[in-house]
């Protein structure tokens, strides 16, 4: 498309508009995290009266941030690893085999994506409490209960994206390996998985992000000892006297891993989403 | 299909008396050659059953019980109450039914604003970033950051910005831009609705941007060249080339943002906790409060079931309409 000068000017104006609405909250977060306490307890100032990194240190003792961090890391890493493994197996079956129940399976997996979380939360809560009561296996309030819950959240979309990814890879590669005597599962792990690494990493990041930001289930299924970052920080933010500079510092610390991972791999995420969407 | 054939060939070879390869596992041989895909999907099926399917069925069962806190550890003892929970939920004259209806209407308005707003903003930004220019990558990355941030970080940041006395929003509006005389309360009364809309929109439009930009990049530039040689205006090109080719992705964007927004729990819960102002009382939070705070699980489950029915109907109708539309276009 040939672009006129007017369009060039309009584009600059448009881009500035979008940049400003995006930057305003980001700027507030970053600048507040390096302000002394009196700055955030009075009217908002665009420029800090002095720059300090103390909030980044103080927040670790204001709230048990290390414990929240540990809980979040254990839960999210476990859920991601298990979920990706399961998604690889399931996507391989759908992409490479025609079997009875294939379409119902796809339908169920996809439709669970649309159900409101609140619908599962209540029964799941009651199921967990009753499993504890009957078998003595503690799922409510434990990390395991949360891991099991989270690993299923990203599963539908992970399978969907990986099916799209696997479909785009020619079967001849695995067939060659299978002629050489490798089993189908061997071909999956020796041929298909290495080639699909970008897609698999994108799916893993997506699963991790989903778990890292989850609030609803964490609010009902954790206790003080297993509280994740999401609930820990939210509860602190709802108190009456909040040290906002420290809270903004904590927000930056907990955001960096997911934002960096997402930006590094967003290209693959889009490929995966659109590939799955086109061939669904 | 070719795999199926070659697998059959391989199986035929096995049956043809040639010694089976050593690596083949015992379990698979016992279950027969067609067991493999089932074995592969079993883990996914188990977890889907445990966390999604069984709780969903169980949820529908609970909605017919008078399940209160008395029976939480022993749900089988809860008395059967027929359609009573549904009657209470749908009785517009009663206090519970009327507040549920109010919550439904608020949620609908919220959803329409977010879905339409996200699509419009996402498409505009995607068009602006679509062609090559210097600094393009920076804008693209910047626009995606809100989507990448954990939800609770976004909402907590907005909570901080929307403080009546010291928030940066009021500082900007009152002190810097002089748009309003006295700083409004954003987190109370009717304004709370606009607070959740702003917060959710800021976070949701980059998702539309991400997918629409990917789709724009896939449109071959030749199409525009041919069109402009034929004398089509930019607007005409946009209407006849861009919009129709974006249709499949737009359909996905609208459906996904609709489901997210209609089920949104995070925005009002993080901003307001368990007692949101009426104007920000979205359905998911409304059900949560009825179940976990008022401890009436049967009623909460009935409301969830109604919500599920509504979403099912909307999604099925939407997909139907879309299919009919795309056949007409084809």
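The values are calculated or read from the model by the stated rules, or taken from the named source; none is laboratory data. Model, not experiment: these values are computed from the prediction. Every residue, glycine among them, receives a Cβ derived from its backbone with ideal geometry; neighbour counts consider all protein chains shown.
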**Asked** Before we move on, is residue A:75 over 22 Å from residue A:241 (Cβ atoms) and surrounded by 14 or more Cβ atoms within 10 Å (Cβ to Cβ)?
**Response** yes
**Message:** Going residue by residue through segment A:189-209, is there one that turns out to be part of a loop (DSSP other than H, G, I, E, B) and surrounded by 24 or more Cβ atoms within 10 Å (Cβ to Cβ)?
**Reply:** no
**Request:** Give the residue, chosen from A:69, A:99, that is within 29 Å of residue A:203 (Cα to Cα) and either part of a helix (DSSP H, G or I) or in contact (Cβ under 8 Å) with a residue 60 or more places away in the chain (or both).
**Result:** A:69
**Message:** Given the condition closer than 30 Å to residue A:257 by Cα, in a helix (DSSP H, G or I), at the interface with chain A (Cβ under 9 Å from one of its Cβ atoms) and modelled with pLDDT of 90 or more, answer yes or no: does some residue in segment B:163-177 qualify?
**Reply:** no
**Message:** Quick check on segment B:212-227: of everything there that is buried (at least 18 other Cβ atoms within 10 Å of the Cβ) and within 24 Å of residue B:252 (Cα to Cα), which residue is nearest to the other protein chains (Cβ to nearest Cβ)?
**Reply:** B:214
**Asked** So which residues in segment A:222-280 are buried (at least 22 other Cβ atoms within 10 Å of the Cβ), facing chain B (nearest Cβ under 7 Å) and at pLDDT below 80, if there are any at all?
**Response** A:273
**Asked** Regarding residue B:192, is this residue more than 12 Å from every other protein chain (Cβ to nearest Cβ), under 30 Å from residue A:265 (Cβ atoms) and assigned to a helix (DSSP H, G or I)?
**Response** no
**Item:** Test for residue B:305: is it touching a helix residue (DSSP H, G or I) at 6+ places or on another chain (Cβ under 8 Å) and over 30 Å from residue B:81 (Cβ atoms)
**Value:** no
**Request:** Give the residue that is nearest to the other protein chains (Cβ to nearest Cβ), with candidates limited to residues of segment B:228-243 that are exposed (fewer than 13 other Cβ atoms within 10 Å of the Cβ) and assigned to a helix (DSSP H, G or I).
**Result:** B:229
**Prompt:** On the given criteria, is residue A:31 assigned to a helix (DSSP H, G or I), modelled with pLDDT of 90 or more and more than 24 Å from the chain's Cα centre (by Cα)?
**Reply:** yes
**Prompt:** Looking at (1) within 8 Å of chain B (Cβ to nearest Cβ); (2) under 18 Å from the mean Cα position of the chain (by Cα); (3) buried (at least 22 other Cβ atoms within 10 Å of the Cβ); (4) under 30 Å from residue A:184 (Cβ atoms), which is the one condition that is false for residue A:80?
**Reply:** (1)
**Complete:** (1) more than 23 Å from residue B:323 (Cα to Cα); (2) out of contact with any helix residue (DSSP H, G or I) (no Cβ under 6 Å at 6 or more places or on another chain); (3) part of a helix (DSSP H, G or I) all hold for residue B:260 apart from (1)
**Request:** Please determine, by comparing only the residues of segment B:266-300 that are touching a residue at least 24 places away in the same chain (Cβ under 8 Å) and in a loop (DSSP other than H, G, I, E, B), which one is farthest from residue B:99 (Cα to Cα).
**Result:** B:295
